[in-house]
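Undergrad: Pasting a structure below so you can have a look.
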Amino acid sequence: MKTRKRRSDRSGRAALRSPGRPPAAQREDRRRFWSAIATGQSSEDAASLAGVSPAVGARWFREAGGMPPAGFASSAKLPSDRYLQFAEREEIALRRAQGLGVREIARQLGRAASTISRELRRNAATRGGGLEYRATTAQWHAERSARRPKPAKLVVNPTLRAYLQERLAGTVVAPDGAAIPGPAVTWKARRHGRRQDRRWAKAWSPEQIARRLRLDFPEDPAMRISHEAIYQALFIQGRGALRRELTACLRSGRALRVPMARTRKRGKAFITPEILISQRPAEVAHRAVPGHWEGDLIIGLGGSAIGTLVERTTRFTMLLHLPPMPGHASGPRVSNGPALAGHGAGAVRDAIARTITTLPAQLRQSLTWDQGSEMARHADLRIDTGLAVYFCDPRSPWQRGTNENTNGLLRQYFPKGTDLTVHDAKSLAAVALALNSRPRKTLGWKTPAEALDELLQSIDKGGR
């Protein structure tokens, strides 16, 4: 028996699995949604402006990893007039339903008759075996046919992918080369909360990785990738190559891009006007002369703390180990008793003096600190080390911007709300080494360790 040929076979297209409702009708809604996101709106507010439910907007934002798809990005080019647009397809469907012929539709739309004929055949709805023409289905077929899938660079270049993963998610090592695994953290498919441990890794930022490639592989053009391509590989799973859980190795640890808030600290009354930051020499602000440092404490659970020192010119970081004093947590706290948590004025003064005196005198000119009570013995520190100490204005941590930025980097290893006493001096040295081995944009993509080494060599030459 002869098999009857279906009209849909004339489309020249193989059988397709139905996608459900073609998404073409939601394209304008998505465009309005991502335009609102670009202005800083939340996903719920952007959904309201786009005319969809908040749940739909949240799903669009989550599935895209917080990044607008290429077709909806602000940099996306408008479609060429050479191709039929969705509005024209709606006109074709309307006139087709009115019984107009191909040439009449082409004349009214100002298109070639062959364009209309080809559109009616190629992009028709064929699910029922016929050649029915509907605008949304035709738009979906056109967009599907226009795709030019291109494998991501990280998929086809395993050497580049291995380099990226090593610097993003590589193991933190101590100065003697021993691996420091850090706390065991499981991936929860979302950002780890502030009160939880974070995964320890080398944690170079995507921009640091992209820029450092030019220094490490100057003659190999294949070892090039933009930082935006790295972010897309992490956040947009359709890009492949990198697992979504590697977002935990990013500095913020977020699976989506969301704004961050900053806290303010209260000032102390023991600061006198002559040691405020306004009295600091101008050479410190210009970063022209090395040896000027910024310091602070990062506080953890139960009063635990770690001190941080950052050199303004080279961004070289040193961490202060502040273990609890004898008698800490062994009984009820005594009102106005001695500071036993490990970051009292005496302990901080001793830790700074012990650390800063390991450097040549030329590299310990001044220290700028926040107005915290842990620096109440700053006069003794100045006498012991010769280090001039200055203090920021109240509630102005931005005046120590280098140190504030460094503390943000360190929070990846020492999250807020975690017990910092579990980290010994060796672990702190490993984290400091990880930071000092990362290339910095402000240093021309050199590492702080390399910049400090150049300074030390220049000092040695000058002393001879």
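The values are calculated or read from the model by the stated rules, or taken from the named source; none is laboratory data. Note that the coordinates shown come from a computational prediction; the quantities given were computed from them, not determined experimentally. Cβ sites come from the backbone with ideal geometry, for glycine too, and all protein chains shown count toward neighbours. The protein model used for the area step is the full one, side chains on, heavy atoms only, and it has no ligands, DNA or RNA in it. Shrake-Rupley method; radii C 1.70, N 1.55, O 1.52, S 1.80 Å.
Undergrad: Just the number please: accessible area per residue for segment 96-162, 1.4 Å probe, all protein chains included, in Å².
TA: Ligands and nucleic acids excluded, the figure is 61 Å² per residue.
Undergrad: About its Cα centre, what dipole magnitude does segment 372-456 give when the only charges are +1 on Lys and Arg Cβ and -1 on Asp and Glu Cβ, stated in debye to the nearest 20?
TA: Working: 11 positive and 10 negative charges, 70 e Å.
That gives a dipole near 340 debye.
Undergrad: How would you classify segment 366-464 from its alpha-carbon gyration tensor, with a ≥ b ≥ c the square roots of the eigenvalues: rounded for a/c under 1.5, else prolate if a/b is greater than b/c, otherwise oblate?
TA: oblate
Undergrad: May I ask you to order 155-161, 178-184 by the average number of other C-beta atoms within 10 Å around their residues, highest value first?
TA: Working: 155-161: 15.0, 178-184: 12.6.
Packing proxy ranking, top to bottom: 155-161, 178-184.
Undergrad: Counting only residues 5 or more places away or on other chains, whose amide H sits under 5 Å from the amide H of LEU276 once H atoms are built in the peptide plane?
TA: Hits under the 5 Å cutoff: PHE391.
Undergrad: Which entries of LYS202/LYS441; LYS150/LYS441; LYS202/LYS426 have Cα-Cα distances beyond 22 Å here? Show your work: numbers first, answer last.
TA: Numbers: LYS202/LYS441 17 Å; LYS150/LYS441 31 Å; LYS202/LYS426 16 Å.
In this structure, LYS150/LYS441 exceed 22 Å between Cα atoms.
Undergrad: Hey, what do the phi angles of segment 145-158 turn into as Karplus ³J(HN,Hα) couplings, whole Hz, using 6.51/-1.76/1.60 and θ = phi - 60°, x for Gly and Pro?
TA: These are the phi-based 3J(HN,Hα) values: 6, 7, 5, 10, x, 10, x, 5, 4, 6, 6, 8, 10, x Hz.
Undergrad: For segment 381-445, with every protein chain kept in place, what is the accessible area per residue (1.4 Å probe, Å²)? List each step's numbers first, then the result.
TA: Working: 2430 Å² over 65 residues.
For segment 381-445, the solvent-accessible area averages 37 Å² per residue.
Undergrad: Then there's this: Out of the chymotrypsin sites (Phe, Trp or Tyr not before Pro) in segment 31-120, which ones are loop residues according to DSSP with at most 11 other C-beta atoms within 10 Å?
TA: TYR83
Undergrad: While we're on this one: In terms of modelled amide H atoms, which long-range or inter-chain residues lie less than 5 Å from the amide H of ASP296?
TA: Amide H to amide H, under 5 Å and 5 or more residues apart or across chains, ASP296 pairs with THR308.
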